[in-house]
Structures are given as structure tokens and as C-alpha cells.
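Student: Below is the structure I would like to discuss, written out as C-alpha cells.
The values are calculated or read from the model by the stated rules, or taken from the named source; none is laboratory data. On a predicted model such as this, the values are computed, not experimentally measured, just so you know. Here the Cβ positions follow ideal geometry from the backbone for every residue, glycine too, while neighbour counts run over all protein chains shown. Side chains included, ligands, DNA and RNA excluded: accessible areas come from the protein's heavy atoms. Shrake-Rupley method; radii C 1.70, N 1.55, O 1.52, S 1.80 Å.
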Amino acid sequence: MRKSALFLVFVIFLSAYTVCAYSQDKQLTDIRSLSQKHPDSALIILKKKYAQAVDSHNDVAEAQCLQQMGRICYNQGHYAQALDFYLHADKVYNTVNIPNMLAANMGEMGILYYYNKQLPQAAKMYSKALAIYQQNNNLKGQAEIFGDIGHLFEKRKLYDSAFYYQRLALKSYRQANYKQGAAKIYENLGSIYEDLAKYDSAYANFNQSLLLYQENRNEMGVIEVINNLGDILRKTARYPESIEQTRKAMALATQSGNIYQLASCSKDIGKAYELMNRMDSAYHYAELSRRYSLEVYSKDGANQTAFLQVLYDMNKKSAEIDRLNNIHKLNRITTLAVVVVAVLLIILGMVVLSRQRFKIKDQNALAKQKQVEHSLMELNFKNQKLEEESLKQQLELKSRELSTHTLNLIKNNQFLESIRSTLQAMVKEDKRDQKKQMQQIIVQINDSFSHEQHWKEFTTAFEQVHQQFFNEIKKYSNELTSADMRLIALMRINLDSADIATLLGISTDSLRVSRYRLRKKLNIPQGDNLTAFIQAI
């Protein structure tokens with residue numbers, strides 16, 4: 001039972017919404033019909049409906065009113081005002097997310113740009129609208145944009161492209177079964193063939209357009225196409241038939257009261273009589289066309305005056321509304337500012353009183369905190385000092401260990417050197433067995449000069465004292481050998497050349513050669529001291 005009641009409420013709500021939407025569309029259609037004869041009255045009505053839509057927050061109705069006001073201004077030749085309405089409508093359509101309405105508004109903006117001779121902007125609008133229609137599979141909308149793009153190419157006299165897009169439009173209209181649109185495309189194709197002087201094809205397309213217009217009872221379309229058929233007949237020298245067709249158009253224009261078409265038909269009949277050398281009839285219809293044209297201009301002038309007055313009143317009223325809104329906004333801002341200042345003053349007074357009350361407590365707490373921080377700082381300072389002293393003692397100990405280790409190496413090597421010299425002298429005495437034994441001892445002594453264990457211990461002690469030294473020296477060259485690193489380490493602890501030669505187990509001449517090769521590897525300029533360079537790292 002409850003589900004049935006909810007469903008009934010939903011159906012009633014949906015029906016009410018549909019009726020409202022239908023009523024809104026019906027009103028806009030009536031206003032569109034009114035705008036063809038009385039654009040000033042239509043604009044006044046639309047302005048009221050627009051204000052109602054804004055007050056009721058009906059974004060869709062707001063955008064539709066703006067779009068229709070733009071269309072009226074465009075039809076009256078006020079392109080700047082029309083563009084302003086269209087752009088405003090585009091902004092609203094983007095917020096309500098109704099793609100087809102947005103695309104339709106873009107298409108109308110493209111037409112406005114086209115007739116204002118801004119062809120690149122027109123093409124841009126057409127492309128955006130077409131993309132939206134294609135995304136939503138709107139065949140009718142696609143066909144309309146294809147036709148408009150065909151007009152662009154026709155304007156540039158790119159007739160192949162114009163034909164291509166007009167035929168795409170015709171195909172889409174046929175798929176959508178929209179004969180009214182197909183009639184317009186046949187008319188467009190006839191105009192292109194007429195521009196190319198292909199009058200048979202033009203006549204065939206105009207005739208097809210006429211049949212569709214008659215089927216859909218489009219009086220304006222029928223009059224225009226019959227008049228076009230008369231033009232084709234006149235251009236192919238079939239003057240009597242041309243006059244007959246144009247008279248039909250003229251009769252229909254008389255019935256509908258379309259003075260503009262009467263002027264056009266009279267002018268075309270006059271041209272036909274002129275080509276037939278019937279100058280009296282030609283003059284009669286030329287004069288008739290002139291009188292109709294004057295009547296058109298007179299009515300257009302009156303309509304334009306009334307329309308401009310409406311636009312002026314609208315702009316004046318809008319300016320006054322904006323001024324009042326600005327004053328109201330300024331008053332609201334001023335009132336709000338006064339209230340905010342008063343509240344801030346009250347809060348400030350409360351804060352001052354509160355701060356006075358807690359000031360003593362804060363000072364006491366701050367004093368205690370400072371005492372604690374001071375004690376902690378003193379303690380940290382003492383700890384830091386103790387750590388520094390400890391590190392200093394460790395460094396001094398390591399330095400003494402390195403020096404002691406180095407001296408032990410020197411003494412050991414000096415001792416071994418003296419033994420080696422003595423044994424070499426004994427070898428020269430030429431005693432066979434003694435010579436062999438002595439030679440073995442010399443070999444063992446030579447091996448002890450390059451014993452790696454002593455150097456590993458030395459390197460470990462050196463790196464503890466001179467941290468990261470080997471990494472820094474390697475930045476100057478990638479070609480340093482282990483022998484080079486030993487020589488550099490001994491130079492870094494500032495040993496003299498004799499001690500270095502003894503530790504390395506080489507002569508002073510060999511040491512001089514090693515120092516020269518090391519200088520080249522480190523790219524030290526000539527004249528710079530190698531020892532000073534190493535000590536500076």
C-alpha cells in the first residue's frame with residue numbers, strides 16, 4: 001500500500017514537471033513567432049521571463065531566454081548585443097550540463113560569427129557544437145552543423161568541400177527523418193550549383209527542396225525556392241517560364257504579406273522583361289520593386305527605432321539595477337564591517353583582561369622554564385666539553401700510536417737494511433756454501449720490506465687519525481696505485497725523504513722517480529710543492 005502511494009506521488013510529480021516543461025517550451029515558441037513581426041515586444045517579454053527565471057533559480061529557462069534574446073538581436077543586425085546574450089547563455093548552459101542546448105547555442109554563435117565575417121571563430125564554434133552532437137548521437141544537430149560548415153566553404157569558394165558537408169548534412173537529416181532540414185539542404189545545394197552555373201543541377205535541387213517545403217507547409221521556404229526556380233529559368237533564357245514561376249512566388253508573398261519577397265519578386269520579373277526587351281513592363285515592375293523596397297525600409301526603420309528604444313531602456317534599467325545592487329552590496333558590507341569591528345573590540349577587551357589575569361602565572365611559569373632550560377644548557381655544555389676532551393685524548397692517543405708505529409717500521413727497516421748490507425758484503429767473499437745461505441737470508445729480508453701486515457696496521461692507524469683523506473685524494477686522480485697511496489700517506493705525516501725511502505724499501509733515486517710520477521698523476525703544475533699540496537688536503 002505504501003509503495004503504491006509513493007509511486008502515485010512520483011507519477012503526479014513527473015506529470016506536473018512535464019506539463020511545466022511543455023508550457024515553458026510553448027511560451028518560448030510563441031515568443032519566437034512574435035519576434036518575427038514585433039521583435040521589440042518579444043524582447044520585452046523575454047526580459048521579464050529572464051528576470052523571473054533568475055529569481056526562481058531556473059537555470060535552464062534563464063539560458064533559453066538569453067539565447068532567444070541573442071537570436072532576436074542577431075536578426076535585427078545588433079551583432080555585439082547578440083554575442084553578449086549568446087556568451088551569457090553559453091556560461092549558464094555549461095553549469096546546468098544540458099549538452100544539446102549548449103551545442104545549439106554554439107551553432108547559433110557560429111552563424112553570428114559567419115555573418116560578421118569572422119570565419120575562423122565561426123569554424124571553431126561549429127567544431128565544438130559538432131563534437132557535442134556526435135557524442136550524444138544527435139543526428140538532427142549534426143546535420144544542421146554540417147550545413148553551416150558547408151556554407152563556410154561555399155563562402156571561401158571551396159565548392160568541393162561545400163558539396164561534401166552539404167551531402168553529409170542531407171544524409172543525417174534523412175537518417176533523422178527530418179524533411180524540413182532536408183529541404184533546406186537541397187536549397188543550399190541548388191545555390192552552390194547556381195554559383196557554378198550548373199543550372200540543370202541547380203533546378204533539380206531547388207525543385208526537390210520545393211516539394212519538401214510544400215509537404216511541410218513552409219510558406220516562406222516555398223516562396224524563396226519558387227523565386228530561385230524563376231532565377232534559374234531566367235538565367236537559361238526561358239523568360240516566360242521564369243515570369244510564371246516568379247508570379248507564383250509573388251502571389252504567395254501577397255497572401256502572407258511578405259513585403260520583402262514582393263520587392264524581390266518584382267525586381268526579378270522586371271529583369272526578365274528587360275531581357276525580353278519589353279521595357280514598359282520592365283519599368284513597371286522595377287518601379288513596383290522600388291516602392292516595395294521603400295516600404296520594407298520604412299517598416300525596418302520603424303522596427304529598428306522601437307527595438308533600439310527597448311534595448312536602450314533595458315540597458316538603462318540594467319545599469320540602474322546594477323547601481324542599486326552595488327549600493328545595497330556596499331551597505332551590507334559596511335554593516336557587516338561595523339558588526340565585525342564591534343565583535344573584535346569586545347573580543348579584544350576580553351583577551352586583554354584575560355591576559356592581565358594570567359600574566360603573573362605566565363611570568364612565573366616562564367621563569368621556572370628558563371631556570372630548567374638554563375640547567376639543561378649547562379648540563380649539555382658540560383657533557384659536550386667532556387666529549388670534546390675525550391675525543392681530543394683519543395686523537396692524541398691515535399697520533400702517538402701512529403708515530404710509534406711509524407718509528408718502529410723505520411727502525412725495523414733500518415735494521416734490516418744494515419743486515420742486508422752486511423750479508424751482501426759477505427756474499428762478495430765468494431765462498432760457495434756461505435754465499436748460498438747468505439743469498440737466502442737476503443731474499444727473506446727483501447720479503448720483509450714489503451710485508452703487507454705492517455702496512456695494513458699502519459693504514460688502519462692512519463685512517464683513524466686522518467679520516468676521509470684517502471677518499472679526498474682519489475678525487476684528483478683515478479690512476480693511483482697502492483704504492484702511490486703509501487707514498488702519499490708517508491708524505492702526509494711529514495716524514496723526510498730518507499725515512500720514506502727506508503720504509504718503502506727503495507733508494508732515494510727511486511723515491512725521486514716515484515714522486516715525479518705521482519706529481520703527473522695528480523696534475524700538479526710545475527713549480528708547486530708536492531708535499532705542500534698533500535698537506536693541504
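Student: Counting only heavy atoms of protein chains, what accessible area per residue, in Å², does region 146-206 have with a probe of 1.4 Å?
Tutor: 49 Å²
Student: Let me ask something else about it. Between the DSSP loop rule and a limit of at most 11 other Cβ atoms within 10 Å, which trypsin sites (Lys or Arg not before Pro) in region 188-258 are left?
Tutor: Taking region 188-258 and a limit of 11 other Cβ atoms within 10 Å, the loop trypsin sites (Lys or Arg not before Pro) found are Arg217.
Student: If you count, for each residue, the other Cβ atoms within 10 Å and average over each peptide, how do 80-91, 324-335, 163-174 line up from highest to lowest?
Tutor: Averaged packing, sorted descending, gives the order 163-174, 80-91, 324-335.
Student: Between beta-carbons, use under 14 Å as the cut-off and find the net charge around Ala272, counting Lys and Arg +1, Asp and Glu -1.
Tutor: In short, +2.
Student: Which percent of the accessible heavy-atom area of region 232-273 goes to carbon and sulfur, probe 1.4 angstrom?
Tutor: Taking all protein chains in place, region 232-273 shows 51 percent carbon and sulfur surface.
Student: Give a residue-ordered list of calculated ³J(HN,Hα) values for region 82-87 (Karplus: 6.51 cos²θ - 1.76 cosθ + 1.60, θ = phi - 60°; whole Hz; x for Gly, Pro).
Tutor: 4, 4, 4, 5, 4, 5
Student: To continue, here is another question. Suppose a student asked you for the relative contact order of region 49-109, using Cα pairs under 8 Å spaced at least 6 residues apart; what percent would you report?
Tutor: 30 percent
Student: Using label points projected 7 Å from each Cα along Cα→Cβ, tell me how many nm separate His57 and Ile419, to one decimal.
Tutor: Here the answer is 10.6 nm between the modelled labels.
Student: Shifting gears a bit: How large, in Å, is region 61-141 by the Kirkwood hydrodynamic radius built from its alpha-carbon pairs?
Tutor: Final number for the Kirkwood radius of region 61-141 is 12.4 Å.
Student: I'd like the distance between the alpha-carbon centres of region 336-357 and region 179-237, rounded to an integer number of Å.
Tutor: Taking the Cα centre of each part, region 336-357 and region 179-237 sit 81 Å apart.
Student: Determine the distance separating the Cα centre of region 110-140 from the Cα centre of region 466-528; give it in Å without decimals.
Tutor: Taking the Cα centre of region 466-528 as reference, the centre of region 110-140 is 81 Å away.
Student: Can you tell me how much longer the chain between Arg517 and Gln134 gets when fully stretched, taken as 0.36 nm per residue apart minus their C-alpha distance, in nm with one decimal?
Tutor: 129.9 nm
Student: When you count, for each residue, the other Cβ atoms within 10 Å and take the mean per peptide, how do 263-274, 279-290 rank with the highest first?
Tutor: 263-274, 279-290
Student: Then there's this: Pop a pseudo-label 7 angstrom from the Cα along the beta-carbon direction at both Gln384 and Lys171 and give the gap in nm to one decimal.
Tutor: Distance between label points: 8.5 nm.
Student: With an 8 Å Cα cut-off and a minimum separation of 6 or more residues, compute the relative contact order for region 70-224 in percent.
Tutor: After rounding, I find 13 percent.
Student: Taking 20 Å as the cut-off for C-alpha to C-alpha distance, list the pairs among Lys475/Lys521; Lys155/Lys235; Lys91/Lys128; Lys117/Lys198; Lys47/Lys329; Lys456/Lys521 that go past it.
Tutor: Beyond 20 Å: Lys155/Lys235; Lys117/Lys198; Lys47/Lys329; Lys456/Lys521.
Student: Starting from the 7 Å offset along Cα-to-Cβ, what nm value, one decimal, do you get for the label separation of Phe358 and Asp200?
Tutor: Once both label points are built, they end up 10.2 nm from each other.
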